[in-house]
Amino acid sequence: MVAACAISIRGSEAHAQSIEPRSYSPAPVDVNFLVTGYAASQGALSFDDSVPLTDAKVETRGPVLAYARTLDLWGKLGKLDVILPFAELSGTAIYRGEPLQRQASGLADPLLRLSVVLYGAPAMTATEFRSYKQDLVVGASVQVSVPIGQYDHARAINLGANRWFVKPSIGVSKAAGRWTFEANGAVTFFSANGDFFGGNKVTRKPIYSAQGHLIYSFRSGVWASADATFYTGGRTTLNGTAADNLEQNIRAGATLALPINRRSSIKLYASTGVSARTGNNFDLFGAAWQYRWGGGL
C-alpha cells in the first residue's frame, strides 16, 4: 500500500511500476490499519514525441496517509484501502530549446482499492486466525485513481493526472516454512486527458504489469523481501496522432518491516529502475509507520 502512495505523486503512468509485497496477506476481519509515512523519488520523465519537452527531470517528496479495513465479503476475506498522497514537486525540462522549471505542492490523485482473497484464507475472527497457517493464497483486487489532485493544464508536469484509471489485478502467494513467494499480474486502463498542456487531448493505451516477491519472515516478526516488477504498454496518442513511446521497463527493490509492538510496525522500502525503453525511470525510497486496531486484536 505505501509504495503505491509514493509512486502516485509521479502521475498515473507510474502506478504500473508500484512494488507491493504481501498484497494479499491474510488478517482477521474488522481490523483497521492506519499508515503514515514519507516518500521521495527522483529521476527522468518522458513525454509524447509531439510535445516539445526534452530532458525532463522530476523530484517529489512528501507525506502519505492511508487507511485500510479488512472485511467479511460473504465468507471471503476482503480489504478496502484509501490512500491520500501529498507532495512537493520540483522539476526541470527543455521546451523548444529554453530551460523550464516547475514547483508545485498539494494533493496528488487519491487511490481507492478493494481486494478479496478468492482461495486459501476465508474471512476469520481473531480467534480463528490464531490457528491459521498459510499455504497457497489466491487473491484479486481493483484499484481506482480519482483525478482530484493538483493540476494546471498550462503545465506539463503536475501532481495530479487529470484522468481516471482503473487497475484490476490477480495474484498468488505461496508459503513454505519461513519463505513466501508472491506473484501477480495487472492491467491499468486510463481515461482520456482532454486538457493536457494547453488544451491538447491525450489518450493512453493500457499498461500491462507483473511483479514478484521473495519474502523471508524472521522469528522476531521482522520480515524482508526482494521485489521486482516488469511493465509494458502505455503508448500515447496526442490529438489523434500516435507516438512511438511504448514502455517496457523493469524495476527492482527491497522492503524491510520491523515490528514495534503487537499493534505498530515500521516499514522501509526502496526501488530503482533496472532498464527502461523510455525515459520514465526513477529512484524511490520511503518509510512508513503502521498502526492497527479492532477485530479482537
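Among the residues that make up the stretch 5-17, is at least one of them modelled with pLDDT of 70 or more and either under 21 Å from the mean Cα position of the chain (by Cα) or hydrophobic (A, V, I, L, M, F, W, C) (or both)?
Scanning the stretch 5-17 turns up no residue that is modelled with pLDDT of 70 or more and either under 21 Å from the mean Cα position of the chain (by Cα) or hydrophobic (A, V, I, L, M, F, W, C) (or both).
When residues of the stretch 67-83 are filtered for being buried (at least 17 other Cβ atoms within 10 Å of the Cβ) and within 15 Å of the chain's Cα centre (by Cα), how many remain?
Here the count works out to 3.
Does the stretch 152-168 hold any residues that are in contact (Cβ under 8 Å) with a residue 40 or more places away in the chain and out of contact with any helix residue (DSSP H, G or I) (no Cβ under 8 Å at 6 or more places or on another chain), and which are they?
If the condition is that a residue be in contact (Cβ under 8 Å) with a residue 40 or more places away in the chain and out of contact with any helix residue (DSSP H, G or I) (no Cβ under 8 Å at 6 or more places or on another chain), then Asp152, His153, Ala154, Arg155, Ala156, Ile157, Asn158, Leu159, Gly160 are the ones that fit.
Anything in the stretch 189-231 that is within 29 Å of Tyr24 (Cα to Cα) and small (Gly, Ala, Ser)? List them, or say none.
Passing the criteria: Ser191, Ser209, Ala210, Gly212, Ser217, Ser220, Gly221, Ala224, Ser225, Ala226, Ala228.
Given the conditions (1) within 19 Å of the chain's Cα centre (by Cα); (2) part of a strand (DSSP E or B), which single one is not true for Pro147?
Checking Pro147 against (1) within 19 Å of the chain's Cα centre (by Cα); (2) part of a strand (DSSP E or B), the one that fails is (2).
If I filter the stretch 153-174 down to residues being in contact with a Pro (Cβ under 9 Å, 6 or more places away or on another chain) and assigned to a loop (DSSP other than H, G, I, E, B), which single residue comes out as nearest to Asp195 (Cα to Cα)?
Asn162
With respect to the numbered conditions (1) under 15 Å from the mean Cα position of the chain (by Cα); (2) surrounded by fewer than 16 Cβ atoms within 10 Å (Cβ to Cβ); (3) touching a residue at least 24 places away in the same chain (Cβ under 8 Å); (4) within 25 Å of Glu59 (Cβ to Cβ), which one is the sole condition not fulfilled by Ser275?
That leaves (1) as the condition not met.
Going through the stretch 159-183 one residue at a time, which ones are under 25 Å from Thr60 (Cβ atoms), of a type in the set (S, T, N, Q) and in contact with a Phe, Trp or Tyr (Cβ under 8 Å, 6 or more places away or on another chain)?
Passing the criteria: only Asn162.
What is the one condition in (1) under 30 Å from Asn32 (Cβ atoms); (2) out of contact with any Gly (no Cβ under 6 Å at 6 or more places or on another chain) that Gly171 does not satisfy?
Tallying (1) under 30 Å from Asn32 (Cβ atoms); (2) out of contact with any Gly (no Cβ under 6 Å at 6 or more places or on another chain), Gly171 fails exactly one: (2).
Let me confirm something: among Thr92, Thr125, which residue is among the β-branched types (Val, Ile, Thr), within 30 Å of Asn281 (Cα to Cα) and surrounded by fewer than 19 Cβ atoms within 10 Å (Cβ to Cβ)?
Thr92
Determine whether Asp81 is at pLDDT 95 or above and among the charged types (D, E, K, R).
yes
Based on what the data block shows, is Thr180 over 15 Å from the mean Cα position of the chain (by Cα) and buried (at least 21 other Cβ atoms within 10 Å of the Cβ)?
Taking the combined requirement at face value, the residue satisfies it.
Restricting to the stretch 92-137, what's the tally of residues that are assigned to a strand (DSSP E or B), in contact (Cβ under 8 Å) with a residue 60 or more places away in the chain and hydrophobic (A, V, I, L, M, F, W, C)?
Qualifying residue count for the region: 4.
Can you name every residue in the stretch 175-209 that is among the aliphatic types (A, V, I, L, M), closer than 25 Å to Arg163 by Cα and assigned to a strand (DSSP E or B)?
Of everything in the stretch 175-209, those that are among the aliphatic types (A, V, I, L, M), closer than 25 Å to Arg163 by Cα and assigned to a strand (DSSP E or B) turn out to be Ala186, Val187, Val202, Ile207.
Grab the strands (runs of 3 or more DSSP E) fully contained in the stretch 210-269, keeping just those with 1 or more residues being among the small types (Gly, Ala, Ser) and closer than 25 Å to Gly194 by Cα. Talk me through it step by step, then tell me what you get.
Working: elements: 223-233, 236-238, 247-259.
Those strands (runs of 3 or more DSSP E) span 223-233.
Select, from Gly185, Gly286, Gly253, the only residue that is within 20 Å of the chain's Cα centre (by Cα) and free of Cβ contacts under 8 Å to residues at least 40 places away in the same chain.
Gly185
The values are calculated or read from the model by the stated rules, or taken from the named source; none is laboratory data. Please read these numbers as outputs of a predicted model, since none were measured by experiment. With ideal geometry, Cβ positions are generated from the backbone for all residues, glycine too; neighbour counts draw on all protein chains shown.
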